[in-house]
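Data first, discussion second: the structure below is written as C-alpha cells.
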Amino acid sequence: DQESYNDNFCDAAGELYDLFAAKGCKVYGFTSQDGYSHSESKAVKDGKFCGLMCDEDNQYDLSEERANNWVKQLKDEGFM
C-alpha cells in the first residue's frame with residue numbers, strides 16, 4: 001500500500017534482494033517506478049524496483065497488466 005506506507009513501500013522485497021544478492025544470486029525482473037506514488041522504498045535498486053511491486057489496495061486495476069508485462073520481460077531476460 002504505497003499511500004499508507006509511503007516511506008517504506010515494499011521494503012521487505014528490498015531486504016530479500018539484499019540477502020540474495022549478498023550470496024551472489026543473479027536477480028532478474030527489475031521494474032520501473034513510473035506510475036507509483038511513494039517517497040522511499042528499500043525495494044528500489046539503481047532507480048528501479050527489484051521485481052514487480054503490486055499495490056492491491058490502491059492500484060488493483062493495474063496489477064494484471066503489470067504482471068503480464070513482467071512475465072514477458074522475464075522471458076526476454078532469459079529467466080524462463
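Answer yes if at least one residue in segment 6-29 is assigned to a loop (DSSP other than H, G, I, E, B), loosely packed, with under 15 Cβ neighbours inside 10 Å and in contact with a strand residue (DSSP E or B) (Cβ under 9 Å, 6 or more places away or on another chain), and no otherwise.
Yes, segment 6-29 contains a residue that is assigned to a loop (DSSP other than H, G, I, E, B), loosely packed, with under 15 Cβ neighbours inside 10 Å and in contact with a strand residue (DSSP E or B) (Cβ under 9 Å, 6 or more places away or on another chain).
Which residues, taken from segment 30-45, are closer than 18 Å to residue 66 by Cβ and assigned to a loop (DSSP other than H, G, I, E, B)?
Listed by number, the residues that qualify are 30, 32, 33, 34, 35, 36, 37, 38, 41, 43.
Values in this text are rule-based calculations from the coordinates and carry no lab data. Computed from a predicted structure; not experimentally measured. With ideal geometry, Cβ positions are generated from the backbone for all residues, glycine too; neighbour counts draw on all protein chains shown.
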